[in-house]
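Student: Structure provided below as structure tokens; questions to follow.
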Amino acid sequence: MSRNIVIIGSGFAGMMAALGASRLRHEKGVSPDELAITVVSPAPEMVIRPRLYERNPEQMVAPLAELFAATDIDHRQGSVETIDSAASTITVVAADGASATLPYDRLVLAAGSDGFAPPIPGLAEFGFAATQLDEAVALDRHLHALAEKPASAARNTVVVGGAGFTGLEFATEMPGRLSEILGEDADIRVIIVDRSEHVAPAMGAEPRPFIEERLRALGVETRLNVGIAALDKGGVTLGDGERIETSTVIWSGGMRASPLTAQLPAERDNLGRIVVEPDLRVPEAPHIFATGDTARARTDAAGNYAAMSCQHARRLGAFAGHNAAADLLGEPTLPYDQPVYVTCLDLGPDAAIFTRGWDSQVQITGAQAKAVKKEINEVWIYPPAAERTAAYENVLAARTIDF
Ligand SMILES: Cc1cc2nc3c(=O)[nH]c(=O)nc-3n(C[C@H](O)[C@H](O)[C@H](O)COP(=O)(O)OP(=O)(O)OC[C@H]3O[C@@H](n4cnc5c(N)ncnc54)[C@H](O)[C@@H]3O)c2cc1C
């Protein structure tokens with residue numbers, strides 16, 4: 001009897017889940033007719049979200065159709081609107097609006113995350129975000145359109161809300177991007193605002209001096225211990241009353257898991273992620289595995305949890321897909337673990353900082369770390385070659401090899 005695994009999402013976790021399931025199916029000599037694997041997403045492609053702060057964001061997409069064909073994975077174009085875990089079905093809405101019900105034997109939820117926008121007056125109307133491709137493209141168009149406007153303080157000033165990883169990467173990229181657009185002579189200001197006492201608050205003290213030095217070198221100003229209180233057409237007002245004239249506010253104030261997580265009868269954390277079992281199964285809906293940015297998963301015995309990162313999403317996906325297939329094929333499922341955690345934070349045109357461990361021990365900085373960041377962004381996080389052996393090696397490595 002034919003059975004099927006349905007995977008929602010073709011991002012880092014969804015692609016890896018599909019490859020992980022396909023690899024085990026192949027290893028066990030099971031045919032695609034006996035066990036079908038279907039990825040449902042708006043297009044058979046992966047958005048390289050970690051690169052959305054860079055120039056030409058419209059190019060940050062990797063095709064997946066050939067990879068899926070090479071590994072006997074079906075792609076169904078559409079967006080999932082509902083998950084009925086009691087009936088084991090999902091509803092898929094295609095681009096033309098047609099709605100269809102799709103049954104599943106095992107479901108992998110890999111629908112990722114969206115930016116979190118708090119109810120700050122004017123944020124929805126006047127702010128930009130760049131956590132999704134369309135948002136990053138809209139921001140890039142806006143930046144280029146600034147060149148058509150007469151020079152003014154507002155035109156030349158970018159305010160970044162949030163001094164976490166993505167906020168810092170945007171803020172340190174902006175001086176270069178803006179001077180290319182507005183000219184070297186433009187009096188460009190980039191200001192990063194955060195309620196925290198320090199930039200990169202999640203990284204602790206050790207990397208801070210280098211990050212602060214890079215901000216100073218690039219002329220990026222900081223406003224700390226203060227939030228953005230309101231936005232309007234001409235600028236922002238901070239919580240302490242300071243007014244900054246700006247046409248560009250980039251909001252980088254955190255992420256929330258896909259709203260599909262709310263449709264499952266499951267415990268969720270403060271980021272909306274589903275609290276999963278060690279094999280990434282949803283305890284209350286055991287035919288569903290949650291992965292990537294939708295899962296709150298423990299990485300190690302020390303009690304650390306996966307971050308919303310592609311580093312974790314790739315490995316979580318590889319485990320979830322393997323386990324969904326294992327569950328249907330009568331094989332034991334594997335407990336997810338990821339003992340090694342590293343970060344590589346981009347800090348402008350010629351520097352980055354690479355840290356190891358949850359306590360962010362600095363390993364390398366400057367041009368050497370920048371070379372690592374380029375390798376990560378331009379090679380490591382891209383899909384493997386569209387060829388079965390390479391794809392299976394890639395997904396196995398994602399599950400087994402530590403940095
Ligand atoms: C600007 C930026 C910079 C970042 N930098 C880094 C970094 O340096 N390092 C790092 O590790 N991480 C970084 N991240 C985080 C990283 O991109 C995410 O953690 C990662 O993309 C999560 O992978 P995922 O597969 O869970 O979700 P995603 O990559 O978001 O993929 C989700 C998939 O689900 C699909 N989908 C969503 N909803 C539906 C639906 N209803 N129906 C069907 N399909 C759906 C989407 O189209 C997509 O294919 C960054 C993120 C951003 C935005």
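The values are calculated or read from the model by the stated rules, or taken from the named source; none is laboratory data. As the structure is a computational prediction, the values presented were derived from the model and not from experiment. Cβ coordinates were reconstructed from backbone atoms using ideal geometry, including for glycine residues, and neighbour counts include every protein chain displayed. Heads up: the accessible areas ignore ligands, DNA and RNA and are worked out on the full protein's heavy atoms, side chains in. Shrake-Rupley method; radii C 1.70, N 1.55, O 1.52, S 1.80 Å.
Student: Being within 9 Å of the ligand (Cβ to nearest atom) and either among the hydrophobic types (A, V, I, L, M, F, W, C) or open to solvent by less than 60 Å² (accessible area, probe 1.4 Å) (or both): is that true of Tyr104 here?
Tutor: Criteria not met by Tyr104.
Student: Sort out which residues of the stretch 300-314 are over 23 Å from Pro265 (Cα atoms) and more than 11 Å from the ligand (Cβ to nearest atom), and write them in order of number.
Tutor: Result: Asp300, Ala301, Ala302, Gly303, Asn304.
Student: Need the failing condition index for Thr172 against (1) of a type in the set (Val, Ile, Thr); (2) without any contact (Cβ under 8 Å) to a residue 60 or more places away in the chain; (3) in contact with a Lys or Arg (Cβ under 7 Å, 6 or more places away or on another chain), just the number.
Tutor: Answer for Thr172: the failing condition is (2).
Student: Quick check on this structure: which one of Asp114, Asp134, Asp140, Asp96 is charged (D, E, K, R), surrounded by fewer than 17 Cβ atoms within 10 Å (Cβ to Cβ), farther than 30 Å from Leu329 by Cα and within 22 Å of the chain's Cα centre (by Cα)?
Tutor: Answer to the selection: Asp134.
Student: Would a scan of the stretch 9-22 turn up a residue that is on the phi > 0 side of the Ramachandran plot and either part of a strand (DSSP E or B) or within 14 Å of the ligand (Cβ to nearest atom) (or both)?
Tutor: Within the stretch 9-22 (the criterion being on the phi > 0 side of the Ramachandran plot and either part of a strand (DSSP E or B) or within 14 Å of the ligand (Cβ to nearest atom) (or both)), the answer is yes, since at least one residue qualifies.
Student: Here is a further query. Taking into account only those residues within the stretch 171-194 that are closer than 16 Å to Gly127 by Cβ and not in a helix (DSSP H, G or I), which is most open to solvent (accessible area, probe 1.4 Å)?
Tutor: Asp194
Student: Quick test for you: out of Arg273, Arg296, pick the one residue that is within 12 Å of the ligand (Cβ to nearest atom) and closer than 30 Å to Val379 by Cα.
Tutor: Arg273
Student: On to the next question. Of all residues in the stretch 342-372, which are hydroxyl-bearing (Ser, Thr, Tyr) and either open to solvent by 30 Å² or more (accessible area, probe 1.4 Å) or assigned to a strand (DSSP E or B) (or both)?
Tutor: Listed by number, the residues that qualify are Thr343, Thr355, Thr365.
Student: Regarding the stretch 146-158, can at least one residue be identified that is within 16 Å of the ligand (Cβ to nearest atom), among the acidic types (Asp, Glu) and over 18 Å from Ile211 (Cα atoms)?
Tutor: Taking every residue of the stretch 146-158 in turn, none turns out to be within 16 Å of the ligand (Cβ to nearest atom), among the acidic types (Asp, Glu) and over 18 Å from Ile211 (Cα atoms).
Student: Still on this structure: Please determine, by comparing only the residues of the stretch 79-124 that are polar (S, T, N, Q) and not in a loop (DSSP other than H, G, I, E, B), which one is nearest to Gly227 (Cα to Cα).
Tutor: Among those residues, the one meeting the criterion is Ser113.
Student: For Glu331, only one of the following conditions fails: (1) buried (at least 18 other Cβ atoms within 10 Å of the Cβ); (2) charged (D, E, K, R); (3) assigned to a loop (DSSP other than H, G, I, E, B). What is its number?
Tutor: Status for Glu331: all satisfied but (1).
Student: Here is a further query. For the stretch 29-56, give me the residue count where each residue is under 16 Å from the mean Cα position of the chain (by Cα) and either assigned to a loop (DSSP other than H, G, I, E, B) or more than 9 Å from the ligand (Cβ to nearest atom) (or both).
Tutor: Qualifying residue count for the region: 4.
Student: Still on this structure: Would you please name the residue that is nearest to the ligand (Cβ to nearest atom), looking only at residues in the stretch 344-382 that are farther than 28 Å from Glu393 by Cα and among the charged types (D, E, K, R)?
Tutor: Applying the filter and picking the extreme gives Asp346.
Student: Now, a different point. Of everything in the stretch 347-360, what is under 16 Å from Gln311 (Cβ atoms) and either in contact with a Pro (Cβ under 9 Å, 6 or more places away or on another chain) or among the hydrophobic types (A, V, I, L, M, F, W, C) (or both)? Give them in sequence order.
Tutor: Ala352, Ile353, Phe354, Thr355, Trp358, Ser360
Student: Among (1) closer than 30 Å to Pro278 by Cβ; (2) part of a helix (DSSP H, G or I); (3) open to solvent by 50 Å² or more (accessible area, probe 1.4 Å), where does Arg399 come up short?
Tutor: (3)
Student: I want to confirm something. Restricting to the stretch 129-170 and keeping residues that are assigned to a loop (DSSP other than H, G, I, E, B) and in contact with a helix residue (DSSP H, G or I) (Cβ under 6 Å, 6 or more places away or on another chain), which single residue is modelled with the lowest pLDDT?
Tutor: Ala130
Student: Here is a check on your reading of the model: is Arg76 part of a loop (DSSP other than H, G, I, E, B), within 14 Å of the ligand (Cβ to nearest atom) and among the basic types (Lys, Arg)?
Tutor: no
Student: Of the residues Glu375, Glu393, which is free of Cβ contacts under 8 Å to residues at least 24 places away in the same chain, in a helix (DSSP H, G or I) and surrounded by 13 or more Cβ atoms within 10 Å (Cβ to Cβ)?
Tutor: Only one candidate qualifies: Glu393.
Student: A follow-up question, please. Among the numbered conditions (1) open to solvent by 30 Å² or more (accessible area, probe 1.4 Å); (2) in contact (Cβ under 8 Å) with a residue 12 or more places away in the chain; (3) not assigned by TED's automatic domain parsing to the domain that holds Pro175, tell me where Phe128 comes up short.
Tutor: (3)
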